[in-house]
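Some notes on the structure that comes next.
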Amino acid sequence: MHSFLGELAALSAAMLWTFASVLFTSVGKRIGPFNLNAIRILIGCFLLSLTHYFLLGSFFPSISHMQFLYLSISGIIGLAVGDFAYFGALIEIGPRRAILVSSMAPIFSLIGGFVVLQEFPSPLALIGVFLVFFGVWIVIVEKEESSQIYGNKIMGVLLGITAAAGQGIGAVISKYGMLYTGTPLSPLSASLIRVAVATVVIWIAILIWKSPRKIISSFKDTYAMKLTIVASVIGPFLGLWLSMVAINYAQVGIASTLMSLTPIMIIPVVYFLYGEKINIRGILGAITAVIGVALIFLCLLYTSPSPRDS
């Protein structure tokens with residue numbers, strides 16, 4: 001029988017990213033999204049390395065050159081390029097459209113998982129994936145706010161697609177590097193490598209692009225730093241670690257689909273925290289996504305366990 005470890009890890013990661021996104025939204029308004037991205041990934045890298053030392057005996061894993069190559073590429077594509085493209089899309093087309101376009105990440109994971117890993121969901125599970133994807137889109141798609149003025153729409157859409165492709169393809173390369181290029185790595189080791197390489201790339205890029213003085217000034221906002229630390233523990237540390245557990249034990253397309261449920265999960269969070277009303281669109285999207293998740297789990301319940309489950 002299927003263990004559901006990967007699928008449950010994916011749902012847990014989505015839940016953690018939901019709470020982290022609420023905190024990061026507040027912090028981003030205070031210190032800016034690019035400064036936030038650089039600081040949060042640095043904190044996540046530190047926490048992953050520290051945890052790796054206590055659990056596995058070293059601050060950095062000992063791996064083959066091929067494993068390091070593939071996981072580094074995954075970190076650069078999925079975390080460095082993907083995050084920069086997403087933040088760029090936020091600036092150019094606003095959060096609604098940016099989330100909408102970047103939510104296509106599971107499509108790239110499904111295609112990549114089939115081509116590279118020979119993974120493809122069964123017809124019933126594929127229907128569940130479609131329902132989850134459709135439910136997320138129902139929630140995200142809203143009427144255009146005419147008062148909002150952003151930048152270049154074409155550039156914003158291209159950046160959003162780049163972010164989605166980076167996240168989806170990065171997940172596929174992560175799994176390939178973690179399991180098929182040498183002795184299988186633990187999800188913790190794979191997470192650390194990806195984040196460490198992405199941290200170096202992001203800090204080099206942001207130090208070239210922006211003045212170091214502006215980043216250092218962000219640390220003076222003690223309230224923002226407290227929220228950043230909490231959100232970094234939830235997101236880039238625990239959330240990313242769980243995402244690698246999900247990719248390790250589940251089909252990468254299904255894992256990516258379940259991890260894309262953040263727009264659904266955030267509905268009750270903002271309702272209880274901020275009193276935001278839940279409209280019919282939100283309820284319909286949530287129900288559709290839940291039905292899709294149920295179909296995925298129902299299908300997996302009657303399938304043979306994968307090699308990673310045994």
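The values are calculated or read from the model by the stated rules, or taken from the named source; none is laboratory data. Only a predicted model underlies this, so the values are computations on that prediction, with no experimental measurement involved. Quick reminder, even Gly has a Cβ in these numbers, built from the backbone with ideal geometry, and neighbours come from all protein chains shown. SASA here: full protein model, heavy atoms, side chains in, ligands and nucleic acids out. Shrake-Rupley method; radii C 1.70, N 1.55, O 1.52, S 1.80 Å.
At-a-glance table
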read-out: Single residue of the stretch 173-216 satisfying the filter (assigned to a helix (DSSP H, G or I) and without any contact (Cβ under 8 Å) to a residue 60 or more places away in the chain) that is surrounded by the most Cβ atoms within 10 Å (Cβ to Cβ); value: VAL200
read-out: GLY6 being crowded, with 23+ Cβ neighbours inside 10 Å, closer than 25 Å to ILE254 by Cα and modelled with pLDDT under 95; value: yes
read-out: Set GLY151, GLY128: member being of a type outside the set (S, T, N, Q), open to solvent by less than 70 Å² (accessible area, probe 1.4 Å) and modelled with pLDDT of 85 or more; value: GLY128
read-out: Tally of residues being farther than 16 Å from VAL195 by Cβ and open to solvent by less than 40 Å² (accessible area, probe 1.4 Å) across the stretch 228-245; value: 0
read-out: Number of the condition not met by PRO263 [criteria: (1) under 15 Å from the mean Cα position of the chain (by Cα); (2) surrounded by fewer than 21 Cβ atoms within 10 Å (Cβ to Cβ)]; value: (2)
read-out: Qualifying residue in the stretch 19-31 (condition: in contact with a helix residue (DSSP H, G or I) (Cβ under 6 Å, 6 or more places away or on another chain), closer than 23 Å to LEU192 by Cα and surrounded by fewer than 19 Cβ atoms within 10 Å (Cβ to Cβ)); value: no
read-out: Condition check for ILE107: within 23 Å of TYR249 (Cβ to Cβ) and either open to solvent by 50 Å² or more (accessible area, probe 1.4 Å) or assigned to a helix (DSSP H, G or I) (or both); value: yes
read-out: Residue count for the stretch 9-18, restricted to those that are open to solvent by 30 Å² or more (accessible area, probe 1.4 Å) and either touching a His at 6+ places or on another chain (Cβ under 8 Å) or farther than 19 Å from GLY75 by Cα (or both); value: 4
read-out: Count - residues of the stretch 32-72 that are more than 20 Å from TRP203 (Cα to Cα), open to solvent by less than 40 Å² (accessible area, probe 1.4 Å) and in a loop (DSSP other than H, G, I, E, B); value: 2
